[in-house]
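Below is one structure; the comments refer to it alone.
Readers should treat all values here as calculations from the given coordinates under stated rules, not as data from a laboratory. Note that this is a predicted model, so its numbers are computed, not measured. With ideal geometry, Cβ positions are generated from the backbone for all residues, glycine too; neighbour counts draw on all protein chains shown.
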Ligand SMILES: [Mg+2]
């Protein structure tokens, strides 16, 4: 499945709403609008739970709630997936040395000796940097593509096979240069700063 935030981003772009690459102003108007959406959907989840609305209605309202939560992340320029991973990492560090949960008498999970707090600031900094790197890559790729097309058209016009080969070579060099050392994807900088 496509990650949920990508779907919500698609919606925001299609509807002319703010999104991760064009965040909303951090003002009262944005905060009030996003909070109203979350409050409304959270209320609807609560209603279906308490009124025993059934799995279909609960699933529907949970998805509505997740949608506006991801939409809020979009409007605030936040890539929420890595933040959730960091929260998960911190939560899993609550296990004790034997890999067992520590609970109080009411069953609430407590923090064990290995617990480390989530570092949300560091995660945001990294995801912001990776997104900027990707945008820079997109610009370089568009330039490389335009240069390739110009050379190929010129080669076709002049029937110059060596010019065509040179155009292919330079595009191949671009791809090799841009390939991520970490994961092998183009335009990814996941290996940097680690
Ligand atoms: Mg709803």
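Worth a mention:
- Expected 222 nm ellipticity per residue - DSSP helices of 4 or more, -39500 (n - 2.57), all of the chain, to 500: -22500 deg cm²/dmol
- The equivalent ellipsoid of the stretch 8-108 has semi-axes of 30, 22, 12 Å, largest first, where each one is the square root of 5 times an eigenvalue of the Cα gyration tensor.
- Put in line by how crowded their Cβ is, counting other Cβ atoms within 10 Å and starting with the fewest, 183, 188, 168 read 183, 168, 188.
- Length-normalised contact order of the stretch 32-79 in % [C-alpha pairs under 8 Å, at least 6 apart]: 41 percent
- Note: relative contact order over the stretch 66-138, using C-alpha pairs below 8 Å and six or more positions apart, is 29 percent.
- When the Gaussian network model of the chain links Cα atoms closer than 10 Å, the mean-square fluctuations of 45, 68, 83 top out at 45.
- When the Gaussian network model of the chain links Cα atoms closer than 10 Å, the mean-square fluctuations of 77, 182, 99 top out at 99.
- Sorting 90-97, 108-115 by average packing, meaning the other beta carbons within 10 Å per residue, from highest down gives 90-97, 108-115.
- Intensity falloff of the stretch 49-159 expressed as log10 I(q)/I(0), Debye formula with alpha-carbon point scatterers, at q = 0.11, 0.13, 0.18, 0.20 Å⁻¹: -0.69, -0.82, -1.05, -1.08
- For the chain: relative contact order, % (alpha-carbon pairs under 8 angstrom, 6 or more apart): 15 percent
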